[in-house]
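Heads up: the structure comes next, in structure tokens.
The values are calculated or read from the model by the stated rules, or taken from the named source; none is laboratory data. The model shown is predicted, which means the values in this text are computed figures rather than measured ones. As a convention, Cβ positions derive from the backbone with ideal geometry for all residues, glycine included, and neighbour counts pool all protein chains shown.
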Amino acid sequence: MYQIQHVDSFTAWSRLISDAFVQLRSEQVTGGHFTASLGVNMLGDIGLMRINARPHAVQRTTDLTNSGDGEFYKVSYQLDGYGLLVQDGRETVLAPGDLAIYDTQRPYTLAFEKPATVIVALIPHHQFRLSIEQVGQVTALALKGNHPLSGTVAPLMNHLGTNLAQWDEFGGYPLARNTVDLLATALGGVLGLETVADTKTRQREKITSYIDNHLGDADLGPAQIATAHFISVRTLHSLFENQPHSVAALIRHRRLTEASRLLRDPLLSTHSVQAIGARVGICDAAGFSRMFSKEFGCTPGKYRMEQ
């Protein structure tokens, strides 16, 4: 549903943008009376906002990235005025017609030293076809209005923002969804990617390799894996939801497969079954025997004797 709110104090503005986006720390850049307006329309789970505000700056600090208020990419399309975006050690000046992407799960600063009008798309991580690592390569880089790759995305962003109030009647979600897909394609082009369709496959391969390298860690689990790959536990589970194994089942399977290899190794014949289990992160002897039997149809001891 479309809503527009006008404020005439910076305190009200600070509260409004933190409610509409994610939690932010804000600062009024110049003195005097502050006015601003924010138009919002949620198209499915993609948020579209049109900001018209006097000079100010917002900051997403490290502590706020850990506040649990959502995992989003924000795409800014500068309609009027200029903005300075800083993230991941990069900074870029956004001029009218420029596009840029930034991640709410990493600290950033966005400042407007003069009045500005901006269209912002708020996109959930899971709706975007590029990986966290790929997006991290292009945050705070301006896709200039005259860049060939912005030629399809920028007009759509402009059209969506200009007609923000009408999408309740005409159904703007498919158009917003197409804009997000085009944006991923454009950024993929900037990265020199031939395709983004296999992004999830590459992520799963990377995560499986990580699991294999940390089998001996008794605390290995979804939370640790997600943290190591800069994604949420929810995103991690979604990567494996249509796979033969869930994350937890994959950890268990890889541990037991490695245990079977160790049990066959003649150099480890003097190691007890319990020691083998501990080497793959399963310290409970009874639990190891039970899981191994379920996986291979016999106890670890019997499996070793039959090899």
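So here's what we get for this one:
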item: One residue from THR179, THR208, THR139 being out of contact with any Gly (no Cβ under 6 Å at 6 or more places or on another chain), assigned to a loop (DSSP other than H, G, I, E, B) and touching a residue at least 24 places away in the same chain (Cβ under 8 Å); result: THR139
item: Within region 54-88, considering residues that are more than 25 Å from SER150 (Cα to Cα) and in contact with a Leu (Cβ under 8 Å, 6 or more places away or on another chain), the one surrounded by the most Cβ atoms within 10 Å (Cβ to Cβ); result: ARG60
item: Residue list for region 241-266, restricted to those being within 14 Å of GLN203 (Cα to Cα) and at pLDDT 90 or above; result: VAL247
item: Single residue of ALA259, ALA248, ALA278 found to be under 30 Å from GLU71 (Cα atoms), in a helix (DSSP H, G or I) and either in contact with a Phe, Trp or Tyr (Cβ under 9 Å, 6 or more places away or on another chain) or among the aliphatic types (A, V, I, L, M) (or both); result: ALA248
item: Residue in region 249-261 that is surrounded by 15 or more Cβ atoms within 10 Å (Cβ to Cβ), of a type in the set (A, V, I, L, M) and more than 26 Å from the chain's Cα centre (by Cα) present; result: yes
item: Residues (assigned to a helix (DSSP H, G or I), exposed (fewer than 14 other Cβ atoms within 10 Å of the Cβ) and at pLDDT below 85) located in region 142-172; result: PRO148, ASP168, GLU169, PHE170
item: Whichever residue in region 179-204 is over 16 Å from the mean Cα position of the chain (by Cα) and modelled with pLDDT of 85 or more and, among such residues, is surrounded by the most Cβ atoms within 10 Å (Cβ to Cβ); result: THR179
